[in-house]
Amino acid sequence: MLNTYQAGRHFLQIPGPTNVPDRILHAMAKPTMDHRGPEFGRMARDILEGLKPIFKCAGPVIVYPSSGTGAWEAALSNTLQPGDKVLMFETGHFATLWHEMATRLGLDAQFVPGDWRHGVDPEVVEKTLAEDRAHTIKAVCCVHNETSTGVTSRIGEVRKAMDRAKHPALLFVDTISSLASLDYRHDEWGVDVTVACSQKGLMLPPGLGFNALSEKAIKVAEKGGFPRSYWRWEAMLNPNKTGYFPYTPATNLLYGLREAIAMLTEEGMENVFARHARHGEATRRAVRAWGLEIQCLDEREYSGVLTAVRLPDGHNADAFRKVVLENFNMSLGNGLSKLQGKVFRIGHLGDFNDLSLCGTLAGVEMGLGLAGVPHNKGGIQAAMDYLQKE
């Protein structure tokens, strides 16, 4: 008899959207309230204030009903004008998409080529900006954690490079897959616009985009920018002071965001960062034990959010992922654009613990065997040995 049902919960081990915890699901199931009423205003003020420790910023955080892509566009359109030069870096698929957006908007986007195995090079940042004596470059755009490769750029070092070059360019950072998972410091690192979204470390479904703003970015936006309406920061900032929005907000997602902030606060952000770093290291130990190759080549740039794993030549990563899904009801991330069929991605972020990781790695190891991928046994044991010591 044909079995069309797989018992147990689906393992969603892609690097986002992540598993949504029951606490957040229950919070989102509450009846929608009046978004012009006093209860909503109190809730929104608490949320907007509660986001600041997550971004590590003192300034405002704008919340859009949007994807992270919308938050990208908001960052560019509020601060830049058609023809402005921006410096961007090819660290992977999502950095490439951001560059494509900038080009479509009419920006002069200088794209530093990369190998998709390294992050933004601070030395290149310093050299490029130092050579720009006329200060024609208006912004430097970096992806903090490149979701397609498992490479984390060293944003603090990028800021130091900009300071050494004594260049006034704005610094934009995409934290779509790193916020609330990896150590991130908007104010300390001198970031002008931090871009983020809801469906990764914040543990929510897709649907919310974020811009955390510096005072410098706000002043630049007041003087110009692209023609804009929906993305206009000024339209959000004044109503937000009293807890309201210029248009209908995503009320039930905000319920979930309030609960996510509470959960992160209860765990403590430093503990959140340590947990993700620990799971990243355990995963990499498993990969090495299997005899497979990690996509990221610089150990300073290893990600605690995900690990991208290269398969040997002659073995297709998508075929392997299909075996894992059909046999173990587990989704792994696919290789994107240049990496299609070459890598699979293990997400280890969000609402995730040691047993979640061990189950994930067990599915990978069994899948490697079923798919006929050459590997050594013992990856799960290597991860467990590390987890038990830490």
- [ ] Divide by every residue of the chain the summed helix terms, -39500 (n - 2.57) for each DSSP H run of at least 4, and state the resulting mean residue ellipticity at 222 nm, rounded to the nearest 500 deg cm²/dmol.
- [x] -13000 deg cm²/dmol
Open item on the list: Could you report the stretch 210-328's accessible area per residue, 1.4 Å probe, as an integer in Å²?
Closed with: 45 Å²
TODO: Given the options Tyr230, Tyr244, Tyr64, state which has the largest fluctuation in a GNM of the chain using a 10 Å cut-off (strictly under) for Cα springs.
DONE: Tyr230
Task: Accessible carbon and sulfur surface of the chain relative to its total accessible area, %, 1.4 Å - done: 53 percent
Task: Angle in degrees between helix 122-131 and the longest Cα principal axis of the chain, rounded to the nearest 10 - done: 30 degrees
Task: Charge-dipole axis of the chain as Lys and Arg at +1 and Asp and Glu at -1 on Cβ define it, positive-most pick from Thr32, Asn211, Ala286 - done: Thr32
Task: Between helix 38-50 and the chain: long-axis angle, C-alpha atoms, 0 to 90°, nearest 10 - done: 70 degrees
Open item on the list: I need the trypsin sites (Lys or Arg not before Pro) found in the stretch 1-95, filtered to DSSP loop residues with at most 13 other beta carbons within 10 Å of theirs.
Closed with: Arg9, Arg36
Task: Between the stretch 93-148 and the stretch 324-374, the alpha-carbon center distance in angstrom - done: 30 Å
Task: Candidates per trypsin sites (Lys or Arg not before Pro) in the stretch 221-262, loop by DSSP, up to 14 other Cβ within 10 Å - done: Lys241
TODO: Using the heavy atoms of the protein chains and a 1.4 angstrom probe, tell me the accessible area per residue for the stretch 86-171 in square angstrom.
DONE: 38 Å²
- [ ] Please give the length that would be gained between Ala319 and Arg133 if that part of the chain were fully extended, namely 0.36 nm times their separation in residues minus their C-alpha to C-alpha distance (nm, one decimal).
- [x] 61.9 nm
- [ ] Mind pulling the angle between the C-alpha long axis of helix 155-164 and the longest principal axis of the chain? Nearest 10 degrees, somewhere in 0 to 90.
- [x] 40 degrees
Task: At most 11 other Cβ within 10 Å, DSSP loop - chymotrypsin sites (Phe, Trp or Tyr not before Pro), the stretch 1-60 - done: Tyr5
- [ ] Take a quick pass over the stretch 127-285 and tell me how many lysine pairs come in under 15 angstrom between Cα atoms, counting only ones 8 or more apart or on separate chains.
- [x] 6
Task: Cα-based Rg / Dmax (Å) for the stretch 51-92 - done: 13.0, 35
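The values are calculated or read from the model by the stated rules, or taken from the named source; none is laboratory data. These numbers come from a predicted model, not from an experiment. Backbone-built Cβ (ideal geometry, glycine too); neighbour counts: all protein chains shown. Ligands, DNA and RNA are excluded from the accessible area calculation, which covers all protein heavy atoms including side chains. Shrake-Rupley method; radii C 1.70, N 1.55, O 1.52, S 1.80 Å.
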